[in-house]
Structure formats: structure tokens, C-alpha cells
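Visitor: Dropping the structure in here first, questions after.
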Amino acid sequence: MARRIIIAIDGPSGSGKSTVGRRLAERLGYRYLDTGAMYRVAAVKAKELSIDIDDEAGLTRICSHMEIVFVQDGDGIKTFCNDKDVSEAIRKPEISALASQISTKKAVRDILVEMQRMMGAGGGIVAEGRDIGTVVFSGAELKFFLDSTPEERGRRRFKELVEKGMRVSLEETITEIRRRDRRDRGRKLSPLRRANDALVIDSTHMTIEEVVEKMLKEARRQISEGGACQ
């Protein structure tokens with residue numbers, strides 16, 4: 001029986017981690033864990049309950065009572081919190097911005113990182129986010145850092161939001177991507193950075209399938225040979 005490993009995918013906002021992570025997990029028969037979505041869920045709950053982002057006690061309370069479940073739905077993944085479908089709510093631009101701020105709070109990270117580690121216990125998981133290979137699963141057998149230019153990431157996010165019927169501008173979307181990069185890379189707690197043993201993939205001029213195939217090749221080699229990522 002093939003061993004089941006943990007695959008960590010890190011990278012900045014809009015780099016395509018969710019899309020390739022889902023497809024890679026599906027091809028391998030693994031579970032998929034979108035850690036960024038978990039912080040977005042916390043943001044949705046904070047907004048619903050009017051919890052200030054500096055209210056650590058309030059944030060701890062709501063995070064401690066969140067039960068998050070990811071469910072495969074055709075080509076996508078639906079996110080549920082306490083049995084409520086929040087898949088659309090967590091992708092709104094204002095929630096994305098709020099999640100970026102909430103993710104800097106130690107009380108929130110402590111609770112969600114513990115949840116993530118429980119979900120990954122036993123392996124057989126593809127987890128993506130911004131501190132997966134450096135903090136959450138620092139001992140993961142295979143790590144990737146997926147990146148692309150801010151302009152390309154902005155164009156991809158803009159297209160995604162427009163397809164969902166949201167009224168946004170390309171310029172504003174790229175600006176928000178750059179702003180998010182500065183916050184994620186500059187935060188004191190678990191900043192976005194590449195793990196020393198991560199394989200870097202620049203997807204700027206690659207298709208989704210090309211990225212998935214590259215990751216799949218490395219994953220199968222790691223599973224069968226137990227070798228280190230080169």
C-alpha cells in the first residue's frame with residue numbers, strides 16, 4: 001500500500017493555490033485543505049457578530065465554536081461552517097481584506113493551526129495557504145511555493161470575481177493584491193515566505209494543468225521513492 005504523505009502548497013494571494021491544490025488532491029485521491037478559507041470563515045463570523053478585529057477574546061470565542069467542513073462539489077469545493085454553506089460569502093473582496101487582518105491575530109492562528117494539524121493527521125492531504133510548509137506542516141514530505149507576478153494574479157482574481165457577478169475594476173484588484181502581499185510578507189506572526197526545502201513554481205506563463213502535472217510528477221516520485229524534493 002502506497003504511503004500517504006502531506007503535501008504543502010504556499011504562495012501569495014491569487015497565485016492559483018486553491019485551483020491546483022484541489023486538482024492535485026483529486027488526482028492523488030487525497031483530501032484537500034484550504035487553510036486560507038478557514039481564516040475567511042473566521043472573518044465572515046466576525047462580521048456577522050460585529051466582533052472587532054482587535055477584540056482577541058471575541059475572536060477566540062467565535063473561532064473556538066467553528067466547525068469547518070470542506071465538501072467536494074463537482075469541480076469545486078464547498079465550505080461549511082456549523083452546517084451553513086459559506087462558500088460564496090468567504091470569497092467577497094471585503095471578507096478577503098478582513099481575513100488578511102484577522103490572520104495576524106495570535107489567538108486566531110493558534111486555534112486554526114491546531115484544527116489544521118488535526119485535519120492533516122495521518123497524511124493523505126494536500127494543504128494550501130501561506131504558512132503551511134513553514135509552520136503548520138513544517139515536516140511535510142513535499143512542499144511547493146507557487147508564485148506569479150502581481151499583475152497576473154490580479155488579472156486572474158479579477159476574472160474570477162467578474163464571473164461571479166461582482167462589480168470590481170482590474171486596477172483595484174491588482175492594487176488589493178499588492179496590498180495583501182505587503183501585509184502577508186510583513187506580518188510578525190507566520191509571515192509568507194518560502195520554506196527552504198520547497199520547490200518554487202512560477203505559474204505566470206503556465207496553464208493550470210501544466211502546474212498540476214509538475215506537482216503530480218513530484219508527488220508520485222516522493223510517494224514511491226521517499227526522495228527529497230530537488
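The values are calculated or read from the model by the stated rules, or taken from the named source; none is laboratory data. Keep in mind that what you see is a predicted model, and the values were worked out from it rather than measured. Glycine gets a Cβ as well: all are built from the backbone with ideal geometry, and neighbour counts include every protein chain shown.
Visitor: Checking ARG180 against (1) more than 16 Å from the chain's Cα centre (by Cα); (2) not in a loop (DSSP other than H, G, I, E, B), which test does it fail?
Guide: Against the list (1) more than 16 Å from the chain's Cα centre (by Cα); (2) not in a loop (DSSP other than H, G, I, E, B), ARG180 comes up short only on (1).
Visitor: Given the structure, is SER169 free of Cβ contacts under 8 Å to residues at least 12 places away in the same chain and loosely packed, with under 13 Cβ neighbours inside 10 Å?
Guide: Working: free of Cβ contacts under 8 Å to residues at least 12 places away in the same chain: yes; loosely packed, with under 13 Cβ neighbours inside 10 Å: yes.
Yes, satisfied.
Visitor: Starting from residues that are at pLDDT 90 or above and polar (S, T, N, Q), keep the ones in the stretch 70-100 and report whichever is farthest from ALA37 (Cα to Cα).
Guide: Here the residue is ASN82.
Visitor: Follow-up question, since we're still on this one. Name the one entry in ARG22, ARG27, ARG4 that is over 18 Å from the mean Cα position of the chain (by Cα), among the basic types (Lys, Arg) and either buried (at least 18 other Cβ atoms within 10 Å of the Cβ) or outside any helix (DSSP H, G or I) (or both).
Guide: Values: ARG22 fails: over 18 Å from the mean Cα position of the chain (by Cα); ARG27 fails: either buried (at least 18 other Cβ atoms within 10 Å of the Cβ) or outside any helix (DSSP H, G or I) (or both).
Among ARG22, ARG27, ARG4, only ARG4 is over 18 Å from the mean Cα position of the chain (by Cα), among the basic types (Lys, Arg) and either buried (at least 18 other Cβ atoms within 10 Å of the Cβ) or outside any helix (DSSP H, G or I) (or both).
Visitor: In the stretch 119-130, how many are touching a residue at least 40 places away in the same chain (Cβ under 8 Å), farther than 18 Å from ARG220 by Cβ and surrounded by fewer than 24 Cβ atoms within 10 Å (Cβ to Cβ)?
Guide: Count: 3.
Visitor: Could you count how many residues in the stretch 7-19 are within 21 Å of ARG155 (Cα to Cα), more than 9 Å from the chain's Cα centre (by Cα) and of a type in the set (Gly, Ala, Ser)?
Guide: Looking only at that region, the number is 3.
Visitor: With (1) within 22 Å of ALA99 (Cβ to Cβ); (2) of a type in the set (Gly, Ala, Ser); (3) touching a Phe, Trp or Tyr at 6+ places or on another chain (Cβ under 8 Å) as the list, and ALA198 as the residue in question, which single condition is left unmet?
Guide: Among (1) within 22 Å of ALA99 (Cβ to Cβ); (2) of a type in the set (Gly, Ala, Ser); (3) touching a Phe, Trp or Tyr at 6+ places or on another chain (Cβ under 8 Å), the lone unmet condition for ALA198 is (1).
Visitor: Still on this structure, please answer the following. Residues in the stretch 165-184 that are modelled with pLDDT under 90 and in contact with a Lys or Arg (Cβ under 7 Å, 6 or more places away or on another chain): how many?
Guide: Qualifying residue count for the region: 1.
Visitor: Please go through (1) over 16 Å from the mean Cα position of the chain (by Cα); (2) at pLDDT below 90; (3) of a type in the set (D, E, K, R) for ASP110 and return the number of the only condition it doesn't satisfy.
Guide: Status for ASP110: all satisfied but (2).
Visitor: Which number in (1) without any contact (Cβ under 8 Å) to a residue 12 or more places away in the chain; (2) loosely packed, with under 14 Cβ neighbours inside 10 Å; (3) part of a helix (DSSP H, G or I) marks the one condition that SER224 misses?
Guide: The number of the failed condition is (1).
Visitor: Just checking, does the stretch 147-165 include any residue being assigned to a loop (DSSP other than H, G, I, E, B), closer than 24 Å to ALA89 by Cα and more than 18 Å from the chain's Cα centre (by Cα)?
Guide: We begin by selecting, within the stretch 147-165, every residue assigned to a loop (DSSP other than H, G, I, E, B); these are 148-149, 164-165.
Okay, now just the ones that are also closer than 24 Å to ALA89 by Cα, so 164-165.
Within this subset, residues satisfying the condition of being more than 18 Å from the chain's Cα centre (by Cα) are 164-165.
So far as the stretch 147-165 goes, yes, one or more of its residues are assigned to a loop (DSSP other than H, G, I, E, B), closer than 24 Å to ALA89 by Cα and more than 18 Å from the chain's Cα centre (by Cα).
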